[in-house]
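What follows is a short report on a single structure.
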Amino acid sequence: MTGFKRYLPILQWAPGYRPDQAASDLLAAVMVTVIMIPQALAYSVLAGLPPHVGLVASILPLVVYAVFGTSRSLSVGPMAITSLMTGAALAPIAVPGSPEYITAALLLAVMSGLMLLFMGVFRLGFLANFLSHPVTSGFVSASSLIIIASQIKDILGIDMHGQSLWVLGRDLFAHLGQTHWPTVAVGAASIVLLWGGRRFAKPALQRLGFTAPRAGLLSKTVPLLVVVLSMVVAWTFSLDERGVRLIGELSGGLPSLVLPTTDAGLWQQLAGSALLIGIVGFVGSLSSGQSLAAKRRERIDPDQELIGMGAANLASGLSGGMPVTASLSRSVVNFEAGAETPAAGAYAAVCIALTTLFLTPAIAWLPRATLAAVIIVSVSTLIDVRSLVRTWRYSLADVGAMLATIALTLAHSVEAGILGGVVLSVGLYLFRTSRPHVAVVGRVPDTEHFRNIRRYDVQLCPNVAFLRVDESLYFANARFLEETVLDLVTREPALKDLVLVCSGINLVDASALKSLETINERLRDAGVHLHLSEVKGPVMDRLKRTDLLDHLEGRVFLSTFDAWRALAPSGECPPAGVAP
C-alpha cells in the first residue's frame, strides 16, 4: 500500500476526508473559478487558440492533479508563460486557430505530459536545476514584455504578428494608422478598472469593515467583474456592429476524448518545445507549491510533482486542451481561501464545467480588448526589475546570464532565451569551478582553527604548508590543482611537507584522482611529502578503492590541527606576525 500511496497521493488524504474540509475546499473552489474563467479565456487567446480551449484545459487537468499531485494549494490550468511558449512553438506550423493548429496544441500538451511523467518515474527532477534563478527570472520578465506587446493589437484593434519584441514593434508602427478608437476605449477602460481594482479594492473593502484576508480575497474578483461588465456593455450597445472585436460563439459541451495525431514528423518537430514547456512549467509550479507548503509545514515531493504535472498535461491534451501548469496567482487565492486538500481543484473543475455548459452564449459577447487587458495587467506583475538589480549587485556572472536570457528572448524567441541562458549558466559554472578558490592557511594562535594567510594574522611554519581547496575536484579543475601545488613548491624551497586540506572537497572524479597521483609522484621527486586532512567520508570511501593511499608519501589526518601537531612542532614555528 505504501507504494500506491507514493504514486497516488490521493490515498493519503481521501480516506480521512471530513465534511468541514469539504466545505473549505468548496469555498476555495468558487473563488478560484472566479479568477480562473477570465484567465483561461485570455491565456487560450494568447496561445493563438479558440477561447473554449482554455476552459477545456481547466477541467480534467484539475481533477487528475487532485489524484496525483502532492500540493494542497496549487491550481493547475493555462498560464501566461506556457501559453506564450505554446504560441511560439506552433506559429511556424500552422495558422493560429486553424484545425491543424489546435491538433498541434493538444499534441504539445500530450508530449509535454509524457516527458514529465517519464522524468517523474525515473526521478529526473534534478534536470530542472539547470534553469537557474537568474535565467528563470530573466526569461519570465522578458516573456512578460513580449506578452504585453503582443496584446497591444487587441487593445488598438489592429492586426500585428510576431514572436519577438523587435518584430512586434515593427509591425505595430506599420499598422498604427489603422487604430480603432472604440476598441481603444474598451481596452483602456478595462485596464484602468483592472489596475484600479488591484490597487484600491482591498483598502476600500477594509474601510467598509471587511477583514484584511476577506478583503484581499474579494479584491481578486475584480477581473471577473470587469469581464461581466464588458459583456453587458458590448451586448447593450451592440459593440460588434461598431467594429469592436468580440470573442464570438464558443463550442459548448464537456471535454471529450481526443487522440493525438500519429504524424511522426510533427512529433519530432514539437519535441524540443514540449520539453521546454514542461520543464519551465514544472519549475514555476514547484516553486509556488513549495512556498505555499512551507506556510503549513507541509512537504512537496518534486518527483511526484513531475508525475502530477505530467498527468495533468496528458489529460489536457487527450481532452482537447493545451499545455497547463500551476498558476501562482490562482494558487495563492486557493490557499488564502482556505483550501484544505487537492479536492478544491476537483470542485473548481466542476464549476468550470458548469460554466462551459451554460454560460458560453454570454461569453461570446466578451470583447477581445478586455481579454487583452486582463492579460496585460496580470503579467505586468511578473516583470522583476528588483531581481535584476539585486543580481547585478551580487554577481556579475549571474547577471550576465540573466541579461543574455532577456536579450535572446526579446530579440529572437522564448526557446532561444531559455537555451541561451542555460548554456551560459553552465558555461559560467564550468569556468568558475575550473579555477577554484585555493588558499594557503595557517594556524590562528592558541586555537585549532586555520585561516587564509592573506586575511588573518596566523602562525606559519617554514617547512610545512597547508593548502585548502574550496571546490570539488573533477576533470575541469584537475590540471589547475597540479599547477597550483607545483607553483607553491617552487616558491618554497625549504618545504618538506604539504598538507592538502580537503574540507571543501565533496567529490574526486577519475581525472582528479589521476592528478592527485601525479602530484604525489612529483612531490616525492622534489623531496616533499604529500598529506591529506579532513577528507570527507564519501570521498575517503572512493579513495580506499584505489591505490592512492597505499602510495601516498605522507599520511591522512583526521583534522588539520592533528597534521599541525605532527608536522609543525611549536618550537620550530614562529608566532603570528613574525616572518618564518
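The values are calculated or read from the model by the stated rules, or taken from the named source; none is laboratory data. None of these values were measured; they are calculated from a predicted model. Methodologically, a virtual Cβ is constructed for each residue, glycine included, from the backbone with ideal geometry; neighbour enumeration extends over all protein chains shown. We work out accessible area using only protein heavy atoms, side chains counted, and drop any ligands, DNA or RNA first. Shrake-Rupley method; radii C 1.70, N 1.55, O 1.52, S 1.80 Å.
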Could you state the angle between the C-alpha long axis of helix 478-491 and the longest principal axis of the C-alpha atoms of the chain, as a value from 0 to 90 degrees rounded to the nearest 10?
-> 40
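SER238 to ARG386: FRET efficiency via 1/(1 + (r/R0)^6), r the Cβ-Cβ distance, R0 35 Å, to the nearest 0.05?
0.15
Please sort by residue number the chymotrypsin sites (Phe, Trp or Tyr not before Pro) in the stretch 75-177 whose DSSP state is loop and whose Cβ has at most 15 other Cβ atoms within 10 Å. All intermediate terms of the calculation are to be shown ahead of the outcome.
Values: sites: TYR101, PHE118, PHE122, PHE126, PHE130, PHE139, TRP166, PHE173; in loops: PHE122.
Passing sites in the stretch 75-177 are PHE122.
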How much accessible area does LYS295 have with a 1.4 Å probe, in Å² rounded to the nearest 10?
-> 140
Between (1) 30.1, 100; (2) 40.3, 136; (3) 25.6, 83, which matches Rg and Dmax of the Cα atoms in Å calculated for the structure shown?
-> (1)
Where does helix 414-434 land angle-wise versus the long Cα axis of the chain, in degrees 0 to 90, nearest 10?
-> 10
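What Kirkwood hydrodynamic radius, in Å, does the stretch 1-123 give when the mean of 1/r is taken over all pairs of distinct Cα atoms and then inverted? Could you put the intermediate results ahead of the total?
Working: mean 1/r = 0.0618 Å⁻¹.
Kirkwood hydrodynamic radius for the stretch 1-123: 16.2 Å.
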Any chance you could count the Lys pairs in the chain whose alpha carbons are under 20 Å apart, treating pairs 8 or more apart or on different chains as valid?
-> 4
Out of VAL444, ALA416, VAL464 - ranked by how far each Cα lies towards the positive end of the dipole of the stretch 413-475, with unit charges on the beta-carbon of charged residues - the top one is VAL464
The simple spin-label model distance between ARG491 and PHE126, using points 7 Å out along Cα→Cβ, in nm, is 3.6
Quick calc: nm separation of the 7 Å Cα→Cβ label points for SER472 and HIS175 -> 5.1
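Only four residue types carry charge here, +1 at the Cβ of Lys and Arg and -1 at the Cβ of Asp and Glu. Report the dipole size of the chain about the Cα centre in Debye, rounded to the nearest 20. Please list the in-between numbers first.
Numbers: 43 positive and 40 negative charges, 277 e Å.
About 1340 debye.
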Specify the angular offset, from 0 to 90 degrees and rounded to the nearest 10, of the alpha carbon long axis of helix 368-380 from the longest principal axis of the alpha carbons in the chain.
-> 20
Going by average Cβ neighbours within 10 Å, how do the peptides 423-434, 64-75, 475-486 rank, with the highest at the top?
-> 64-75, 475-486, 423-434
Any residue on another chain or 5+ positions along whose placed amide H is under 5 Å from the amide H of MET322 is listed here as ALA57
Within the stretch 1-43, chymotrypsin sites (Phe, Trp or Tyr not before Pro) in DSSP loop having at most 15 other beta-carbon neighbours inside 10 Å = TYR17
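How much length is gained if the chain between VAL228 and GLU100 is pulled fully straight, taking 0.36 nm per residue apart and subtracting their Cα-Cα distance, in nm to one decimal?
Details: separation 128, 0.36 × 128 = 46.08 nm, distance 3.17 nm.
Full-extension gain reported as 42.9 nm.
Suppose R0 equals 22 Å; then what is the FRET efficiency for THR221 and LEU354 from their Cβ-Cβ distance, rounded to the nearest 0.05?
It comes to 0.80.
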What residue among VAL56, ALA174, SER219 has its Cα farthest toward the positive end of the dipole of the chain, where the charges are +1 on Lys, Arg and -1 on Asp, Glu, each on the Cβ?
-> SER219
Once the dipole of the stretch 126-282 is set up from charges on Cβ (+1 Lys and Arg, -1 Asp and Glu), the residue from the list ILE277, LEU165, ALA201 lying farthest towards its positive end is ALA201
VAL167 paired with HIS437, simple spin-label distance in nm, labels 7 Å along Cα-to-beta-carbon = 4.4
Quarter of the Cα convex hull surface for the stretch 312-374, i.e. its orientation-mean projected area (nm²) = 5.6
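May I ask for the Rg/Rh ratio of the stretch 73-193, computed from Cα atoms with Rh as the Kirkwood radius, given to two decimals? Display every interim value, and only then the final one.
Details: Rg = 17.8 Å, Rh = 17.0 Å.
Answer for the stretch 73-193: 1.04.
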